[in-house]
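The values are calculated or read from the model by the stated rules, or taken from the named source; none is laboratory data. From a predicted model like this one, the values you see are computed outputs, not experimental measurements. Reconstructed Cβ throughout: ideal geometry from the backbone, glycine too, with neighbour counts over all protein chains shown. Quick note on the areas: whole protein, heavy atoms, side chains included, nothing else; ligands and nucleic acids left out. Shrake-Rupley method; radii C 1.70, N 1.55, O 1.52, S 1.80 Å.
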Amino acid sequence: MTKLDDNINNILNRWRLILGDFADNNIELQESLSDLNESLNFLYDREYSKEDGYYNDNDHTKLKGDKSKSNLTVPMWVSKIRKLFPKETVQIMQTHALNKYNLTEMITDENILKEMEPNMDLLKNILTFRDMMGSNVKKLAYSIVRDIVEKLKRKMEQDIKKVFYGKKLPNSYTMHRKIFKNLDIKKTIRHNLKNYNTQNNTIFVDKLYFNNNIKNYNPWHIIILIDESGSMLDSVIYSSIMASIFANLPYLSVKLIIFDTSIVDLTDYIKDPVDTLLKVQLGGGTDIVKALEYAKKITAFPEKTIYVLISDLEDSNDYKYMHNSVKGIIESRSKIFILTALDYDCNESYNKNAAQKLSKLGAKVAAITPNKLAEYINDIIS
């Protein structure tokens, strides 16, 4: 067989796998591809309705007529695709199974969950369907959540450190100022005792020691307000992680609020984003005004406060109230960022009319990546 024949066969094999059993009469399925074909059919045959000659039967799908039922179950399928496909492909197929074909058994069955590739989509699905899990599955699921979150946090910390690297404390000095009033007399004498002259009772000082001269400073205060509606899940994850990173910076005081139609202050849990995420209740209504007004009440130094509102701006109130709340924040000399998305893809879906009006007031409205937000914060505190 020539190289050209090999290339043609490879192309035909790929088309046979893409078209599935529809191509049986035109492209012969090679026996070596039967496992791949079965794994693909198990998932993607669910695309077809009964009217097309297919029916969904929980764990498998079959053609009407002469097609036999697949022997695969969901646990077998998860295990099989890990052996047959590259890691990236497995993650895509898992995501399709959960998000498109609602195979929630994959995350409510402990044995299946153990086989899953940990990634962002799995994290989102665990958070979405955790109420359907039994106690044993939850324990496993939460350990997976922690593992995924820690990996995300390490990546984000690298990005953020690039922004803040070498940053000095605002309004402070970190070097010794060698002036008399900063002379550390006790330390200077102690370290020069070796030069004491017993004959004339004098010390020859060959080195002077000074105290640090660091001014007191007021840190910048950041209040992060996270809309926990279902459409904001990606941003909720990244915002929670980013809040924990900011909370460990010495010149930032950070508060974390999540909201729907009620307010939950999670500042006490801010350093552990997993604790934050496990307290998020996705879905429900949205009352942005209530969240903003709460934030105003806990603001002690408006001129040194930055509000970060992460929301799609779909509010249950008349928008003039949100307009007035934001206007009040800006008039108090605080800064406000309204992030319609905070993640590395910046896939935003938001109320553009509300965004335009708030932008005209002076609010910064954008869909940005975490490192870009860090740059904005850095520019202000500098």
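For the residue pairs Lys327/Lys364; Lys87/Lys153; Lys83/Lys139; Lys87/Lys279; Lys100/Lys372; Lys161/Lys360, alpha carbon separations beyond 23 Å are given by Lys83/Lys139; Lys87/Lys279; Lys100/Lys372; Lys161/Lys360. The C-alpha atoms of segment 220-271 occupy a region whose extents along the principal axes are 33, 20, 17 Å, arranged from largest to smallest. Packing, taken as the mean count of other beta carbons within 10 Å per residue, orders the peptides 190-201, 269-280 from highest to lowest as 269-280, 190-201.
Ordering 259-267, 86-94, 221-229 by mean Cβ neighbour count within 10 Å, with the highest value first, yields 221-229, 259-267, 86-94.
Order Trp77, Trp15, Trp220 by their accessible area, 1.4 angstrom probe, all chains in place, largest first. Could the numbers behind the result be given before it?
Values: Trp77 0, Trp15 130, Trp220 30 Å².
Ranked list, largest accessible area first: Trp15, Trp220, Trp77.
Close amide H contacts of Leu278 (hydrogens built in the peptide plane, cut-off under 5 Å, sequence separation of 5 or more or a different chain): none are found.
Between Tyr251 and Lys87, the simple label model (points 7 Å from Cα in the Cβ direction) yields a spacing of 3.8 nm.
Count the net charge of all other residues whose Cβ sits under 9 Å from the Cβ of Asp260, scoring Lys and Arg as +1 and Asp and Glu as -1. Numbers along the way, then the final one.
Details: positive: none; negative: Asp227, Glu228, Asp287.
Residues close to Asp260 contribute a combined charge of -3.
The modelled label-to-label distance for the pair Cys346/Met132, using points 7 Å beyond Cα in the direction of Cβ, is 3.4 nm. Working from label points 7 Å from Cα in the Cα-to-Cβ sense, the Leu208 to Glu331 distance is 5.4 nm. Taking all Cα-Cα distances within segment 295-347, those exceeding 15 Å account for 53%.
Using a/c under 1.5 as the rounded threshold, could you call segment 216-365 rounded, prolate or oblate? The axes a ≥ b ≥ c are square roots of the C-alpha gyration tensor eigenvalues, and prolate needs a/b larger than b/c, oblate otherwise. Oblate, since a/c reaches 1.5 and b/c is not below a/b. In segment 272-367, Cα pairs under 8 Å separated by at least six residues give a relative contact order of 29 percent.
Shape class of segment 338-382 from the Cα gyration tensor (axes a ≥ b ≥ c, square roots of the eigenvalues): oblate, since a/c reaches 1.5 or more and a/b does not exceed b/c. How would you classify segment 280-375 from its alpha-carbon gyration tensor, with a ≥ b ≥ c the square roots of the eigenvalues: rounded for a/c under 1.5, else prolate if a/b is greater than b/c, otherwise oblate? Judged from the Cα gyration tensor, segment 280-375 comes out rounded (a/c under 1.5).
If the Kirkwood radius is taken over C-alpha pairs of segment 241-284, then at 37 °C and 0.692 mPa s the Stokes-Einstein diffusion coefficient equals 300 µm²/s.
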